[in-house]
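The structure appears right after this line, and notes come after that.
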Amino acid sequence: MFWVFTAAGALTVVMFSMMQSASMHLVLEPGDLWLFAAVVAAAVGYAEGGLVSRELGAWQTICWALLLAAPVMGTLALVTSLREIHTLPGPGPWRHWATSAS
């Protein structure tokens, strides 16, 4: 049933995308394909995490998943922030980040 509902969720996203399009034609953009890949990756990760948690336990599985994902997510966050830093207003982007956080 898990895979049935995963497919239904992906189909719902595709239908929503088509309804938002003016032409009502299925035109897949690169972002749509990335979204589909994310749904598949999340589904596989969820299913595998369920299997692993039988041996390790729930909180240990979550901790290991976060630990293994940290280098990839940290790198992506750094690359994205450095690429978008020029879009921030004000005299210095770092000062803008520091003052908006407080």
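The values are calculated or read from the model by the stated rules, or taken from the named source; none is laboratory data. Quick caveat, the model's predicted, so the values are computed rather than measured. Here the Cβ positions follow ideal geometry from the backbone for every residue, glycine too, while neighbour counts run over all protein chains shown. Ligands, DNA and RNA are excluded from the accessible area calculation, which covers all protein heavy atoms including side chains. Shrake-Rupley method; radii C 1.70, N 1.55, O 1.52, S 1.80 Å.
General observations
- Hey, Gly90 of a type outside the set (Phe, Trp, Tyr), modelled with pLDDT of 90 or more and on the phi > 0 side of the Ramachandran plot or not: no
- Among (1) at pLDDT below 85; (2) open to solvent by less than 60 Å² (accessible area, probe 1.4 Å) - the single one Gly45 does not satisfy: (1)
- Filter result (assigned to a helix (DSSP H, G or I) and modelled with pLDDT under 80) within segment 14-36: Val14, Ser17, Met18, Met19, Gln20, Asp32
- Residue count, segment 48-68 (criterion: among the small types (Gly, Ala, Ser) and surrounded by fewer than 12 Cβ atoms within 10 Å (Cβ to Cβ)): 1
- A search for C-beta distances below 9 Å between a residue of segment 3-23 that is under 14 Å from Val44 (Cα atoms) and of a type outside the set (Val, Ile, Thr) and any residue that is open to solvent by 100 Å² or more (accessible area, probe 1.4 Å) and assigned to a helix (DSSP H, G or I), counting only pairs 6+ apart in sequence or on different chains, returns Ala10/Phe36.
- Number of residues in segment 48-87 that are of a type in the set (D, E, K, R) and at pLDDT 90 or above: the value is 3.
- Which numbered condition Thr6 fails, given (1) open to solvent by 60 Å² or more (accessible area, probe 1.4 Å); (2) at pLDDT 80 or above: (1)
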